[in-house]
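Chemist: For reference, the structure I am asking about is given below.
The values are calculated or read from the model by the stated rules, or taken from the named source; none is laboratory data. Please read these numbers as outputs of a predicted model, since none were measured by experiment. Here the Cβ positions follow ideal geometry from the backbone for every residue, glycine too, while neighbour counts run over all protein chains shown. Ligands, DNA and RNA are stripped out before the accessible areas are found, and what is left, the full protein with its side chains, is counted by its heavy atoms. Shrake-Rupley method; radii C 1.70, N 1.55, O 1.52, S 1.80 Å.
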Amino acid sequence: QMMKFAWDNYKQYALGKNELRPLTKNGHIGNMFGGLRGATVIDALDTLYIMELEEEFQEAKQWVEKSFDLNVNGEASLFEVNIRYIGGLLATYYLTGEEVFKSKALELGEKLLPAFNTPTGIPRGVISLGSGMSWSWGWASAGSSILAEFGTLHLEFLHLSELSGNPVFAEKVMNIRRVLNRVEKPQGLYPNFLSPVTGSWVQHHVSIGGLGDSFYEYLIKSWLMSDKKDSEAKKMYDDALEAIEKHLVRKSAGGLTYIAEWRGGILDHKMGHLACFSGGMIALGAEHAPEEKRQRHRELAAEITSPCHESYTRSDTKLGPEAFRFDAGSEAMATRLSERYYILRPEVVESYMYLWRLTHQPKYRHWGWEVVQALEKHCRVEAGFSGIRDVYSTPPMHDNMQQSFFLAETLKYLYLLFSEDDVLSLEDWVFNTEAHPLPINHTDFKA
Ligand code: DMJ
């Protein structure tokens, strides 16, 4: 019902725009997708399909067939186009077998290739879909590329090669891996900024949250998607996790285990909402860890998820802030005004879903249900769901934005949390970082 409500309002007020503005009842286009439209349609497709919302799925499919235009000119984020559009189209193709999704994914994939034309082959973050020109984000230090951006292409690009028979996509991402393997890692950690010109780190900021997050996720998932053959990815994941455990995982005075950020050796005792996906990732990896580490990793996954849950329960809305801290007497709460917002993000329920599926401890379903109730109470407005500006104040002020990842991820993970384990079984599927399911063992990882 939540998904139907989110979709119906998007369709009524914003179909063809990228997101719905649920308070003003209109659409939002933004500047992340380079002139591409319908981000919410593409992100919602597989969720509608999985939830058996058949009529709504047909509406979305029709929009793709009739109105989804790839001949656009504008500045796109390579990462966002890949995870939302390519991921959404590929997943829907694999679920339905309908050619239109495959052909659009391949056509769009081709348009992303010029971004890799750099001295190292590390792509730049922004690409003009019309001209193929690419450049780095103005805010990224010294023209660098971002770890979580160029490190979050592997799953989709292997499928593009598999489906097209063209090895070029796989070659591009295997080259990224080569560069990463060559460069020296401070204390075994991967900093967030790398120069696409020299292939060396530009700054020593390490984070398992924003700017770093899905790079780690794609290492373990690359290995799983290859049906456990891509041992290089597994080793990179194992080594990275070991360094994270040693240098970033800390326990607060109140006994909460969290993952801090690292700035040239100095710890910033802050955990972003984005970092809360890591409980799920570590739980998934733990199942395949060597026996001597398995139990410790299982415990770590559960421990890391706990402050994320606390960040929700300690707020007045029972929704969690964008970032929470463990310093100056604070525990699992935002201390800065600018970090108090919640934009319908999925990472906390994502971890609940993995931990439920892997442990069957009822608390994860209880925690997920608390989120459902809080979303209904504070984020549901007359024409859709909206993010809120301050999780510590009720009634909350709304931000007038229904993010597309709310339909792709937050609602999908909640649905899967309450489904049987064989609905998109973790044995058969990996979820890309936008929660689009990709089948295991369909790729030739050696390409
Ligand atoms: C999503 O687009 C993806 O989950 C991405 O990896 C991180 N940010 C958003 C959701 O918060």
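Chemist: Exactly one condition in (1) in contact with a Pro (Cβ under 9 Å, 6 or more places away or on another chain); (2) away from the ligand (no atom under 16 Å from the Cβ) is false for residue 46; which is it?
Modeler: Condition not satisfied by residue 46: (2).
Chemist: Now for a different question. Can you tell me which residue is nearest to the ligand (Cβ to nearest atom) among those in the stretch 184-221 that are surrounded by fewer than 19 Cβ atoms within 10 Å (Cβ to Cβ) and among the small types (Gly, Ala, Ser)?
Modeler: Of everything passing the filter in the stretch 184-221, 210 is nearest to the ligand (Cβ to nearest atom).
Chemist: Within the stretch 207-315, which helices (runs of 4 or more DSSP H) (wholly inside it) include 2 or more residues that are among the hydroxyl-bearing types (Ser, Thr, Tyr) and under 23 Å from residue 339 (Cβ atoms)?
Modeler: Working: elements: 213-225, 231-247, 278-286, 291-313.
The helices (runs of 4 or more DSSP H) meeting that bar are 213-225, 291-313.
Residue-wise test of (1) under 27 Å from residue 82 (Cβ atoms); (2) open to solvent by less than 10 Å² (accessible area, probe 1.4 Å); (3) touching a helix residue (DSSP H, G or I) at 6+ places or on another chain (Cβ under 8 Å).
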position	(1), (2), (3)
360	no, no, no
370	no, no, yes
374	no, yes, yes
380	no, no, yes
384	yes, yes, yes
392	no, no, no
395	no, no, yes
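Chemist: While we're looking at this one, here's another question. Only helices (runs of 4 or more DSSP H) wholly contained in the stretch 326-443 count here; list those with 3 or more residues that are within 16 Å of the ligand (Cβ to nearest atom).
Modeler: Values: elements: 347-359, 362-374, 411-417.
Helices (runs of 4 or more DSSP H) meeting the threshold: 347-359, 411-417.
Chemist: Exactly one condition in (1) open to solvent by 20 Å² or more (accessible area, probe 1.4 Å); (2) over 14 Å from residue 304 (Cα atoms); (3) of a type in the set (A, V, I, L, M, F, W, C) is false for residue 243; which is it?
Modeler: Of (1) open to solvent by 20 Å² or more (accessible area, probe 1.4 Å); (2) over 14 Å from residue 304 (Cα atoms); (3) of a type in the set (A, V, I, L, M, F, W, C), only one is false for residue 243: (1).
Chemist: Please work out which residue is least open to solvent (accessible area, probe 1.4 Å), limiting yourself to the stretch 134-150 and to residues that are within 16 Å of the ligand (Cβ to nearest atom) and under 15 Å from residue 113 (Cα atoms).
Modeler: 150
Chemist: Can I ask one more? Taking the stated definitions as given, is residue 122 β-branched (Val, Ile, Thr), crowded, with 18+ Cβ neighbours inside 10 Å and outside any helix (DSSP H, G or I)?
Modeler: On the way: β-branched (Val, Ile, Thr): yes; crowded, with 18+ Cβ neighbours inside 10 Å: yes; outside any helix (DSSP H, G or I): yes.
In short, yes.
Chemist: Please list, ordered by first then second residue, the pairs with beta carbon atoms under 6 Å, 6 or more apart or interchain, first in the stretch 188-215 and within 23 Å of residue 281 (Cβ to Cβ) and modelled with pLDDT under 95, second within 16 Å of the ligand (Cβ to nearest atom) and aliphatic (A, V, I, L, M).
Modeler: Sorted first by the residue in the stretch 188-215, then by its partner, the list stays empty.
Chemist: Among the residues of the stretch 152-176, which ones are open to solvent by 10 Å² or more (accessible area, probe 1.4 Å) and part of a loop (DSSP other than H, G, I, E, B)?
Modeler: 165, 166, 167
Chemist: Can I ask one more? Please work out which one of (1) under 20 Å from residue 218 (Cβ atoms); (2) within 15 Å of the ligand (Cβ to nearest atom); (3) aliphatic (A, V, I, L, M) is the condition residue 283 fails and give its number.
Modeler: (2)
Chemist: Let me spell it out: the conditions are (1) over 19 Å from the mean Cα position of the chain (by Cα); (2) crowded, with 16+ Cβ neighbours inside 10 Å; (3) assigned to a helix (DSSP H, G or I), and residue 65 meets all of them except one. Which number is the exception?
Modeler: Of the numbered conditions (1) over 19 Å from the mean Cα position of the chain (by Cα); (2) crowded, with 16+ Cβ neighbours inside 10 Å; (3) assigned to a helix (DSSP H, G or I), the odd one out for residue 65 is (2).
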